[in-house]
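The values are calculated or read from the model by the stated rules, or taken from the named source; none is laboratory data. Everything numeric in this text was worked out from a predicted model, so none of it was measured. Note: ideal-geometry Cβ built from the backbone for every residue, glycine included; neighbour counts use all protein chains shown.
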Amino acid sequence: MKQKLKRLLLASGLILALAVQLTGCGKSPDTKTAATEAAKPEVVNIGFQDIPNDEIVAKVKNWYESELGVKVNFKKFDSGRDVNNAFASKSIDIALVGTTPAAVGIAKGVGYEVFWIHDVIGAAESLAVKNSANINSIKDLKGKKVAVPFSSTAHYSLLNALKLEGVNPSEVKILDMQPPDIFAAWQRGDIDAAYVWNPVLGKLLADGKTLTDSGKLAEKGIVTADVGVVSKEFAQKYPDIVAKYIKVQQKAHDLYQSNPDEAAEALAKGLNIDKADALNQTKELIWLSAKDQLSDKYFGTSAKKGDLAKILKATADFLVEQKAIESAPGQETFDQGINATYIEGALK
């Protein structure tokens, strides 16, 4: 009897041990899965604009979801002002804006930081005038209707172009319009000129000419660019995703360098323009590699800030001077508004 009882107890112990072991095996993957899921978001909300640069190439090539490893939700915007509003409402995580709306966003404490440069703007943003408007110089804009998206890099460039030529903005009828509206107004004959970017710019020049462009203004110290911004809260939670996003842009940059024809084909599809037009428009922008962006001319490094933070501060100060914004914080705020660590991480 005792022997039988001993065998039963032994068997029960083995069954209990096995049950505990199996239960432990069941919990382990769940714990690991939960940790993995916590390391990345369910979805990344990316704001984009129709500009012929790395962002559109990567989007058309469907690289984002495969490279980031998460679902991506794209939201299209017409200008950086709308992007700033979206960040303020916390409806996007990553987006492209021009340096002007970026300066405004940092000045107003929107809660993002600049982490990438999609392009340095050249002739891709220009001041176009209608052939029938009888405008041959900046001074001829007095009394004319000039459309531009307010708080954009084009707006900043327009105001500086007027200042350089001694023209008071109050002497020009400057109208706040988004790019699609500018094209419609141009076709109706409602405006005489516009400072805007491609691909709308290219459509305007079918019946117009340029007086100046952002490349020429850059030579005079008025530098503008399209930059990537990311919610600070998102970046702190998912720095890996931000670094992977940069790798996607670098991949698009490398494609453009090695096979511009294939990159132009992607841009043509994404922007709904001819491939030849797409290729021409890309030449009016300066595409920078990740390594280029860590130079003193742009981000600098995490240890030493480059000129980008100074450019953003100068932009904000100019906007205060023009009464476009009420005030601008000190240089330190703009230094904290750019972050080179994600590019450095992507290059490791």
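Here's a check for you: in the range 204-248, which residue that is among the charged types (D, E, K, R) and closer than 30 Å to residue 89 by Cα is surrounded by the most Cβ atoms within 10 Å (Cβ to Cβ)?
As a first pass, look at the range 204-248 and keep what is among the charged types (D, E, K, R): 207, 209, 213, 216, 219-220, 226, 232-233, 237, 240, 244, 247.
So of that shortlist, the ones also closer than 30 Å to residue 89 by Cα come out as 226, 232-233, 237, 240, 244, 247.
Details: 226: 26, 232: 15, 233: 12, 237: 16, 240: 14, 244: 20, 247: 17.
Here the answer is 226.
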Margin query: Please count how many residues of the range 168-192 are touching a Lys or Arg at 6+ places or on another chain (Cβ under 6 Å) and either more than 22 Å from residue 77 (Cβ to Cβ) or of a type in the set (Val, Ile, Thr) (or both).
Written below: 4
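So, in the range 60-86, how many residues would count as being closer than 21 Å to residue 179 by Cα, surrounded by 19 or more Cβ atoms within 10 Å (Cβ to Cβ) and not polar (S, T, N, Q)? Let's see the steps before the verdict.
First pass over the range 60-86, keeping only residues closer than 21 Å to residue 179 by Cα: 74-86.
If we keep only those that are surrounded by 19 or more Cβ atoms within 10 Å (Cβ to Cβ) too, we end up with 77, 79-84.
Filter once more, keeping what is not polar (S, T, N, Q): 77, 80-83.
Count: 5.
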Item checked: Lone qualifier among 183, 150 - being touching a residue at least 60 places away in the same chain (Cβ under 8 Å) and either in the same structural domain as residue 204 (by TED's automatic domain parsing) or not in a loop (DSSP other than H, G, I, E, B) (or both) -> 150
Next item on the list: Out of 47, 111, 98, report the one residue that is within 29 Å of residue 317 (Cβ to Cβ), surrounded by fewer than 18 Cβ atoms within 10 Å (Cβ to Cβ) and at pLDDT 95 or above.
Entry: 111
Checklist line | Failed condition for residue 69, given (1) under 23 Å from residue 254 (Cβ atoms); (2) touching a helix residue (DSSP H, G or I) at 6+ places or on another chain (Cβ under 7 Å); (3) not charged (D, E, K, R) | finding: (2)
Notebook entry, point to check: Which ranges mark the helices (runs of 4 or more DSSP H) fully within the range 289-348 that have 1 or more residues being assigned by TED's automatic domain parsing to the domain that holds residue 249 and loosely packed, with under 15 Cβ neighbours inside 10 Å?
Noted result: 290-293, 308-321, 331-336
Margin query: Considering only the range 130-137, I want to know if a residue exists there that is out of contact with any Lys or Arg (no Cβ under 9 Å at 6 or more places or on another chain) and within 30 Å of residue 305 (Cα to Cα).
Written below: no
Notebook entry, point to check: Quick one: is residue 85 modelled with pLDDT of 95 or more and farther than 18 Å from residue 152 by Cβ?
Noted result: no
Notebook entry, point to check: If you go through the range 219-233 one residue at a time, do you hit one that is out of contact with any helix residue (DSSP H, G or I) (no Cβ under 9 Å at 6 or more places or on another chain) and modelled with pLDDT under 95?
Noted result: yes
Note to self: Which of the numbered conditions does residue 226 fail, given that it passes all the others? Conditions: (1) of a type in the set (D, E, K, R); (2) within 21 Å of residue 174 (Cα to Cα); (3) in contact with a His (Cβ under 7 Å, 6 or more places away or on another chain).
What the structure shows: (2)
Notebook entry, point to check: For the range 265-316, how many residues meet the condition of being within 18 Å of residue 200 (Cβ to Cβ) and of a type in the set (A, V, I, L, M, F, W, C)?
Noted result: 8
